[in-house]
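Right, one structure below, let's go through it.
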Amino acid sequence: MQMNRIYFRIFSLIMLLMSTQMVLAQTTTRISVNDNTYSYKSKDAFSSYEIKYKGKVAITEDDQSIKSIEPGGFLKISKTTFGNKRAVIIESNSRGTLTKEYYVGRSSEPFEPEGAKWLADVLLDVIRKTGIGAEDRVKRFYKKGGATAVLNEINQIESSSVKAKYFDFLLEQPGLVEKELVAIASGITSISSSSSKGSLYRKHSSQFMKGNEVSEAFFKGISTISSSSEKGATLRHILKEHQLIDQQKIYLLETCNKISSSSEKGSVMREFNDIFSNKENVVDAYFKTLNSISSTSEKGSVLRNLLKEYELAPKAQVRLLKSVGSISSSSEQGSVLRTCVPQLTNNDEVVAAYFDAVKRIGSSSEQGSVLRSILDKPELISAPNAILLLEATSSISSDSEKGSVIRKALPLIEKSDAVQKAYFDAVKRISSTSEKGSSLRAAANKGNLSRAGVISLLDATKSISSSSEKGTVLRTVSDLISADDAELIEKYRECARTISSDSEYRRVIEMIH
């Protein structure tokens, strides 16, 4: 029996707590300001408040009475609990003299002593709900116990707007030290309103950008803003108003990474491009954030903007080129890679990353366009780079695009025998007979092939399946073969023997007699 009673009491307590939480969750609050009159109304299942005031209201230091109200102002506090209504009305005349009235229900009662006692009971609650006397209270608390005392008081306040008011006044106190600023930056996170939080961080950003520890707490605070637009606006404000050291750049990028909106994240990143740094830790943070942008168009826009605004060091170029692979749109990939061409260097790692990025483009036309754009800048192409470019054509699925790039790359064969071999190896990978033949004839007609180049051309010609195309190429090649070069003549004949048409074979052989 005893145990049953204990279980029953525990159950009753749990039900009471649950019902209390449900009641609290049903609290409604309305706040308005009209003609310089502040109005506050709140209601739950147990009680209701109605508070109005006009003019500056000064509170006594014990928070239990009204010290003064600006001339012409007033304060009205009305509270109803379980149907029992009480109210206090305090008015200030033109000279600032106060008149005080106290009501129980509809009946007027003497203010002293019951009215004064009731006001003392409810005033602290009223102060915390409305922010009345906030400036003076902040100064009083700060004088007695520094920022810690003010923060302890703020923790007792539920309203985001009132909390923001207290933080605002606190940050205006002279002589705030680094430790206090860290605590304040962290404390602002307790505000639930994104707009109030963002407004505070922007208004007082100059104070929060002093010292590494303060900056870290500041950016961590900004990261707790739930609204993408507020978070973005705050970060853009910092980029416009402050000169950031590298560590602060990293903090900002890490905070930007937590923005859920691609457009907001992209907007911040484009602003950041003006202060981009080639420092390795900044580059790491930048591309980690960049790669988190889900929108293909935003990601492409940020990268193009960076390439136009800043000259990247080789390591940063490699990171950018790897990021291109995370873009899902072929047109965006191609656009970024074409924009990248003027910054390309002969750095082996950069060039390898560039052509690797080209290979990852899904569209043949985009791949072809990008490779042709590089060929428009022949001064950027060394012999090793020319080989890489020709090898990159292997990833192009369209024969016409592949052939177009290979033929445009023809001037590169002058660079070395190795480039000539790479050219003809690329031609062999073309499956179309006409495209293959066209590319080989173009090389033969150029007429500046080395002996090794002619051998590579003949080897590639063997891969043509059409007798007529093969014959046409060989007849063009015949002009490159010296009559006293027995080995080269034999290579020519060896290729000719792969022609299935007797008539075509005869025409080809006749060219070297």
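Rundown of residues vs (1) surrounded by fewer than 20 Cβ atoms within 10 Å (Cβ to Cβ); (2) more than 25 Å from Leu252 (Cβ to Cβ), yes/no style:
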{"position": "Ser301", "(1), (2)": "no, no"}
{"position": "Asn305", "(1), (2)": "yes, no"}
{"position": "Glu311", "(1), (2)": "yes, no"}
{"position": "Pro314", "(1), (2)": "yes, no"}
{"position": "Leu320", "(1), (2)": "no, no"}
{"position": "Ser326", "(1), (2)": "yes, no"}
{"position": "Leu337", "(1), (2)": "no, yes"}
{"position": "Asn347", "(1), (2)": "yes, yes"}
{"position": "Ser373", "(1), (2)": "yes, yes"}
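Which of the numbered conditions does Lys129 fail, given that it passes all the others? Conditions: (1) surrounded by 15 or more Cβ atoms within 10 Å (Cβ to Cβ); (2) touching a Gly at 6+ places or on another chain (Cβ under 6 Å); (3) not aromatic (Phe, Trp, Tyr).
So the condition that Lys129 fails would be (2).
Only one of (1) aliphatic (A, V, I, L, M); (2) closer than 28 Å to Ser439 by Cα; (3) not in a helix (DSSP H, G or I) is not met by Ile374, so which one is it?
Every condition holds for Ile374 apart from (3).
Name the strands (runs of 3 or more DSSP E) wholly within the range 34-95 that hold at least 2 residues that are more than 17 Å from Leu123 (Cβ to Cβ), without any contact (Cβ under 8 Å) to a residue 60 or more places away in the chain and of a type in the set (Lys, Arg)?
It comes to 37-43.
When the range 141-158 is examined, which residues are found to be open to solvent by 30 Å² or more (accessible area, probe 1.4 Å) and not in a helix (DSSP H, G or I)?
Selection gives Asn155, Gln156, Glu158.
Give the residue that is least open to solvent (accessible area, probe 1.4 Å), with candidates limited to residues of the range 95-126 that are of a type in the set (Gly, Ala, Ser) and over 28 Å from Phe169 (Cα atoms). Steps first, please.
First, pick out the residues of the range 95-126 that are of a type in the set (Gly, Ala, Ser): 96, 105, 107-108, 115-116, 120.
Those still in the list that are over 28 Å from Phe169 (Cα atoms) too: 105, 107-108, 115-116.
Numbers: Gly105: 37, Ser107: 61, Ser108: 83, Gly115: 0, Ala116: 27 Å².
Once the filter is applied, the top-ranked residue is Gly115.
Which one is modelled with the lowest pLDDT, of the residues in the range 419-464 that are of a type in the set (S, T, N, Q) and part of a helix (DSSP H, G or I)?
Quick first cut of the range 419-464, residues of a type in the set (S, T, N, Q) only: 420, 431-434, 438-439, 445, 448, 450, 456, 461, 463.
If we keep only those that are part of a helix (DSSP H, G or I) too, we end up with 420, 433-434, 438-439, 445, 456, 461.
Working: Gln420: 95, Thr433: 95, Ser434: 95, Ser438: 96, Ser439: 96, Asn445: 92, Ser456: 95, Thr461: 96.
Top of the filtered list is Asn445.
Run down Leu412, Leu389 and say which single residue is among the hydrophobic types (A, V, I, L, M, F, W, C), buried (at least 22 other Cβ atoms within 10 Å of the Cβ) and in contact with a Pro (Cβ under 8 Å, 6 or more places away or on another chain).
Working: Leu389 fails: in contact with a Pro (Cβ under 8 Å, 6 or more places away or on another chain).
Only one candidate passes the filter, namely Leu412.
Can you pull out the helices (runs of 4 or more DSSP H) entirely within the range 205-296 that have at least 1 residues that are of a type in the set (Val, Ile, Thr) and either touching a residue at least 12 places away in the same chain (Cβ under 8 Å) or closer than 29 Å to Glu172 by Cα (or both)?
212-223, 228-241, 246-256, 262-272, 280-291
The values are calculated or read from the model by the stated rules, or taken from the named source; none is laboratory data. What you see is a predicted model, and the numbers here were worked out from it, not measured in a lab. No Cβ is skipped: glycine too gets one built from the backbone with ideal geometry, and neighbour counts run over all protein chains shown. Accessible surface areas use protein heavy atoms only, side chains included; no ligands, DNA or RNA. Shrake-Rupley method; radii C 1.70, N 1.55, O 1.52, S 1.80 Å.
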